[in-house]
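These notes concern the structure reproduced below.
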Amino acid sequence: MRIVICDDDTAITVQLTGYLQEYFHAHDLKMPEIQSFHSGEELLADPGEQDIVFLDVKMQGISGIRTGELIKRRNQNCIIFIITSYLEYLDDAMRFHVFRYLTKPLDRQRLFRNLKDALALYTSSYTRIPIETRQGVFSVPASDIVCVQTQNRKVCIHTVSAMYESVYNIQRCEQLLDQSCFFRTHRSYIVNLEYVTDFNHFLIHLSLQPFEAYLARRKYSAFHDAYLLFLESRA
């Protein structure tokens, strides 16, 4: 794992680096590579992996907003934290799906809570699921799976880029998928909560595909609570 800090305020980069090192030491986790940059131009010229990025909004030269947009184009799975004293920029930041925002001065405990969630997301993003089909076995990131659907006795696994017809039954799929991110909404559907855009008592609408999943009436309350908990964990 590689964590990158981009802020033209040296005091912030030193403080944040210290907090990150403290967190990994305290939790007996392998220390990641942590590197600092002082401008968006420097960061964008960096050829290394950028797994988690802490990005200041207002810097000399290219803005943090523009820098974040370009980083996301190169690596959609990059987890970006916005660091800012200027809350009016948050709407722009949300357009390229930042993970969280942190206000200055940095709150150590808030940082630790959000870092814990970021590491969980990082782990799930790199967890790969084996999908066995009649053509062979395909390994896909769990985070790319939008939903699983049973249709005409076939189990179809829809991802952001392809659809696989699996030889697994839907119960086996449910066992493979992380229950904190996936929910069995109906006997014929499992959905990734990350892709839910809205729902009612009968249907769930999913992003990235013009797709709907059924929601069993008896599961509405449990799904409602699970989805709100999921959103809260990312707030």
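Laid out as a table, the results:
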| read-out | value |
| --- | --- |
| Those strands (runs of 3 or more DSSP E) lying entirely in the range 132-178 with at least 1 residues closer than 15 Å to V191 by Cβ and touching an Asp or Glu at 6+ places or on another chain (Cβ under 9 Å) | 145-151, 154-159 |
| Out of A118, A226, sole residue that is hydrophobic (A, V, I, L, M, F, W, C), in a helix (DSSP H, G or I) and within 29 Å of D28 (Cβ to Cβ) | A118 |
| Hits in the range 150-198 - residues which are of a type in the set (V, I, T), closer than 21 Å to A120 by Cβ and touching a Lys or Arg at 6+ places or on another chain (Cβ under 9 Å) | I190, V191 |
| The range 139-164 - residue that is touching a residue at least 24 places away in the same chain (Cβ under 8 Å) and open to solvent by 50 Å² or more (accessible area, probe 1.4 Å) and, of those, nearest to L193 (Cα to Cα) | V160 |
| Residue in the range 19-40 that is buried (at least 19 other Cβ atoms within 10 Å of the Cβ), out of contact with any Gly (no Cβ under 9 Å at 6 or more places or on another chain), in a helix (DSSP H, G or I) and modelled with pLDDT of 95 or more present | yes |
| A213 vs. criteria in contact with a Cys (Cβ under 7 Å, 6 or more places away or on another chain) and either of a type in the set (D, E) or under 30 Å from I80 (Cβ atoms) (or both) | yes |
| Breaking point among (1) over 30 Å from I82 (Cα atoms); (2) touching a Phe, Trp or Tyr at 6+ places or on another chain (Cβ under 7 Å), for I129 | (2) |
| Count - residues of the range 190-216 that are part of a helix (DSSP H, G or I) and either modelled with pLDDT of 95 or more or not charged (D, E, K, R) (or both) | 2 |
| Among residues of the range 107-135, those that are surrounded by 15 or more Cβ atoms within 10 Å (Cβ to Cβ) and modelled with pLDDT of 85 or more, counted | 9 |
| Matching residues in the range 186-207 - criterion: being within 20 Å of T150 (Cβ to Cβ), surrounded by 12 or more Cβ atoms within 10 Å (Cβ to Cβ) and touching a residue at least 24 places away in the same chain (Cβ under 8 Å) | H186, S188, Y189, I190, V191, N192, L193, Y195, V196, F199, L206 |
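The values are calculated or read from the model by the stated rules, or taken from the named source; none is laboratory data. Model, not experiment: these values are computed from the prediction. Because the Cβ atoms are built from the backbone with ideal geometry, glycine has one as well, and the counts that use them run over all protein chains shown. Quick note on the areas: whole protein, heavy atoms, side chains included, nothing else; ligands and nucleic acids left out. Shrake-Rupley method; radii C 1.70, N 1.55, O 1.52, S 1.80 Å.
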